[in-house]
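Shown next, in structure tokens, is the structure this report addresses.
The values are calculated or read from the model by the stated rules, or taken from the named source; none is laboratory data. On a predicted model such as this, the values are computed, not experimentally measured, just so you know. All Cβ positions, even for glycine, are placed from backbone atoms using ideal geometry, and neighbour counts span all protein chains on display.
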Amino acid sequence: MNYRHIFHAGHICDVAKHIVLTMLLAHLRGKEAGFFALDSHAGAGLYDLHDLRALKTGEAKSGIYKLLRAPPLPDAPDYYRILELFNPGWKPAMGADGLGQFRFYPGSPLFIREMLRPQDKLIACEWHADDVIDLKRQFRAMRNAHVHHRDGYEALGAFLPPAEARGLVLIDPPYEEPDEFARLSIVLPVAHGRWPQGMFMIWYPVKERPSVWRFHEALTQSGIPKILCAEFMFEEETRGDRLNGSGLILVNPPWQFDERLRALFPQLHDALQTPDRGARVEWLTKE
Ligand code: SAM
């Protein structure tokens, strides 16, 4: 297992994924009853963008740092609020003038942590021992959020269904293994069978298109209703050996969430000034 998220923190894919994540969590907060969140591949939690590993790839430059130069996106207030919590002294309205004050990029478990109310619950799983240590440090004082050093796929069986009726499962593996798509095609129907009313969000890389087609085809055949595919494309798909887009599979998304993403993605393209402006928001299966 070589993947370390510090090399990729704040990349365009993180920005797109975490904005959508906060939008889904904001929906869950719309009802008084507590929700449950499971982050199966949580990462280290907080990333220092001045760390040499982050600087080596420089991926935050075309991602979060580009976004912060642009006027704040109106549909993502929670996303900016949480960035502000981890970067005291920085404000979303500072634009390019604030870049020097912005240094720490939160990962998915911290976005979820900051959306929790006392009645909500989070379980975050991570397999890399060093990342688990970092992550545990950030959850020490929390009573309703717990970190487990555990295989994220195995955790789906262990923690689903939760006691809460509503909630979200984020599955964000590193795609180091060539069979990750095939594995997800098997794992998701089982997890959905255990918790059919839960929301599921799977992130995937759009690189080599045929493997994505095969993944979509398997999901279409899975029998799971209400699967929305949302791809934010930032490079023209002329090559299959690079990351061209950020994909999301959303099961049971909120009503009209497809329309919200169709409105969000052009704004995100404008803000990030991406080389390509492609987007695909389509239902793989309906009710
Ligand atoms: N979800 C994080 C975020 O958005 O900030 C990023 C996660 S990163 C893409 C994938 C993570 O999965 C890495 O931290 C890696 O160590 C971890 N990982 C790899 N195999 C795993 C497994 N079997 N179970 C749990 N975590 C795993």
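Only strands (runs of 3 or more DSSP E) wholly contained in segment 117-178 count here; list those with 2 or more residues that are hydroxyl-bearing (S, T, Y), under 21 Å from the mean Cα position of the chain (by Cα) and buried (at least 22 other Cβ atoms within 10 Å of the Cβ).
On the way: elements: 121-126, 145-149, 166-171.
Those strands (runs of 3 or more DSSP E) do not exist here; none qualify.
Would you tally the residues in segment 85-120 being small (G, A, S) and touching a strand residue (DSSP E or B) at 6+ places or on another chain (Cβ under 7 Å)?
Going through segment 85-120 one residue at a time, the tally reaches 2.
Here is a list of conditions, (1) without any contact (Cβ under 8 Å) to a residue 12 or more places away in the chain; (2) within 16 Å of the ligand (Cβ to nearest atom), and K91 meets all of them except one; can you say which number that is?
(2)
Which residue, of D130, D151, is closer than 24 Å to I82 by Cβ and within 14 Å of the ligand (Cβ to nearest atom)?
After ruling out the rest, the residue left standing is D130.
Considering only residues that are away from the ligand (no atom under 13 Å from the Cβ) and either in contact with a Gly (Cβ under 9 Å, 6 or more places away or on another chain) or modelled with pLDDT of 95 or more (or both), look in segment 160-178 and name the one that is nearest to F200 (Cα to Cα).
By that ranking, first place goes to G167.
Within segment 55-76, is there a residue that is in a strand (DSSP E or B), surrounded by fewer than 22 Cβ atoms within 10 Å (Cβ to Cβ) and within 13 Å of the ligand (Cβ to nearest atom)?
Within segment 55-76, not a single residue is in a strand (DSSP E or B), surrounded by fewer than 22 Cβ atoms within 10 Å (Cβ to Cβ) and within 13 Å of the ligand (Cβ to nearest atom).
Answer yes if at least one residue in segment 5-22 is part of a helix (DSSP H, G or I), modelled with pLDDT of 95 or more, more than 12 Å from the ligand (Cβ to nearest atom) and not aromatic (F, W, Y), and no otherwise.
Start the filter on segment 5-22 by keeping residues that are part of a helix (DSSP H, G or I), which leaves 5-7, 12-22.
Those left that are additionally modelled with pLDDT of 95 or more: 5-7, 12-22.
Checking which are more than 12 Å from the ligand (Cβ to nearest atom) leaves us with 12.
Pick out the ones that are also not aromatic (F, W, Y) and you get 12.
Yes, because at least one residue in segment 5-22 is part of a helix (DSSP H, G or I), modelled with pLDDT of 95 or more, more than 12 Å from the ligand (Cβ to nearest atom) and not aromatic (F, W, Y).
Any residue in segment 141-159 that's in contact (Cβ under 8 Å) with a residue 40 or more places away in the chain: show its pairings with residues that are assigned to a strand (DSSP E or B) and away from the ligand (no atom under 13 Å from the Cβ) at Cβ separation under 9 Å, as long as the two are six or more apart or on different chains.
These pairs meet every condition: F159/F36.
Looking at A182, A191, which one is more than 11 Å from the ligand (Cβ to nearest atom), buried (at least 22 other Cβ atoms within 10 Å of the Cβ), under 25 Å from H128 (Cα atoms) and small (G, A, S)?
Numbers: A182 fails: buried (at least 22 other Cβ atoms within 10 Å of the Cβ).
Criteria check complete, one pass: A191.
For segment 206-287, which fully contained strands (runs of 3 or more DSSP E) count at least 2 residues that are on the phi > 0 side of the Ramachandran plot and surrounded by fewer than 16 Cβ atoms within 10 Å (Cβ to Cβ)?
none
Which residue pairs have Cβ atoms closer than 6 Å, lie 6 or more positions apart in sequence or on different chains, and pair a first residue in segment 1-30 that is closer than 15 Å to F265 by Cα with a second residue that is near the ligand (Cβ under 9 Å from one of its atoms) and acidic (D, E)?
none
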